[in-house]
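This report refers to the structure that appears directly beneath it.
The values are calculated or read from the model by the stated rules, or taken from the named source; none is laboratory data. Keep in mind that this is a model prediction, so the values were computed, not measured. For neighbour counting, all protein chains shown are included, and Cβ atoms are generated from backbone atoms with ideal geometry for every residue, glycine included.
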Amino acid sequence: MEAKASPPQFLSLLEEVYNEDDKEYAKNAPGSYRHNPSNASMVTEEGTVVGACLRALYYKANKEAPSDDKPLTTKLQGDFGNGIHDRLGEKLLKSSKIKIVLENPGKVLVDPLTKEISFRLDGLVTHKGELGCLELKTMQSFGLQYMVKGGGPKESHILQVLCYFGTNPDLRWAALVYFGRDNAYRAEYHVYKDPENGRFVIKGITPRQPEKYIDHLSFDRIVARWKELEVAVEQQELPKRDYKAVFTKTGELTKTRTKNGIEYKTDFACNYCSWKTKCWAAPGAKEDAYQIPGDK
């Protein structure tokens, strides 16, 4: 009797390969890192943090092993987004109205930093004699529509393009273009300097939204934040937490908790952090968490 066929289990193979890829980041020695615009952050004049958590960046710079693996679903969605980037880039290469260099890399050292700012533009674009950059973003459509109704791009995305302006004085504009991964919902925003006063402006193109200044965000504050990271890594001093988590009554980390009709939510940055268990298991962590009346 002929033996039964025995094909490989492809989903299991994919998970194994993705898990191996996760180990790549640890190959470099601790402290051998660069600053990346996608992980930019800053502290506003009011003292609130915008962008990445400094403690998470510290863990990453020190090549500390993650305590929380990302599920395969998250990894696949990231690659779906990469696939969309590649395909749309191929389409834009065919346009006769622009000249575009896809996946344009760069490394710049900005004073007073000792580590380079390393980036890869989705597109370096020449249009009507002006140089600009294209940043493509993919999201689930419900999140994208929520963002649009809220008035425009996430502040972390604006920080990213401000890094591009800060590292390339020849850029005249930046375009943030969004696509819904599930239904192709689309949005587009342009960022540029007001020629009269040099202040940065953002304008909604699709859907139409009026111009508004973005003075509360700045490249100088991003650089100051990265310098703070460099000092922390050099001195091996763990930075404070920038965001807060919620604990259950029995002391377990949770995304949400409702008590007396009030819902408490762990901050987004903590929910999706690769070191959240390590961070929030440290002594004194609960004092930094959201305080819920009645808990001891």
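Structure notes:
- Checklist (1) touching a Leu at 6+ places or on another chain (Cβ under 6 Å); (2) outside the structural domain of A56 (by TED's automatic domain parsing) applied to N260, failing item: (1)
- Against the criterion of being more than 20 Å from G31 (Cβ to Cβ), modelled with pLDDT of 95 or more and among the charged types (D, E, K, R), K227 does not qualify.
- Residues located in region 128-140, provided they are on the phi > 0 side of the Ramachandran plot and of a type outside the set (K, R): G129
- Selection within region 228-286: residues that are among the small types (G, A, S), more than 20 Å from the chain's Cα centre (by Cα) and within 15 Å of Y59 (Cβ to Cβ). The member of this set that is surrounded by the most Cβ atoms within 10 Å (Cβ to Cβ) is A232.
- Qualifying positions in region 119-133 - touching a helix residue (DSSP H, G or I) at 6+ places or on another chain (Cβ under 8 Å) and in contact (Cβ under 8 Å) with a residue 40 or more places away in the chain: F119, L121, C133
- Reported count of residues in region 202-253, each being basic (K, R) and touching a Ser or Thr at 6+ places or on another chain (Cβ under 9 Å), is 4.
- Check on H157, of a type outside the set (V, I, T), more than 17 Å from the chain's Cα centre (by Cα) and within 23 Å of I214 (Cβ to Cβ): no
- Filter result for the condition that a residue is more than 22 Å from G81 (Cα to Cα), at pLDDT below 95, within 19 Å of the chain's Cα centre (by Cα) and of a type outside the set (K, R), over G150, G166: G150
- Of all residues in region 158-194, those that are more than 15 Å from L131 (Cα to Cα) and not hydrophobic (A, V, I, L, M, F, W, C) total 11.
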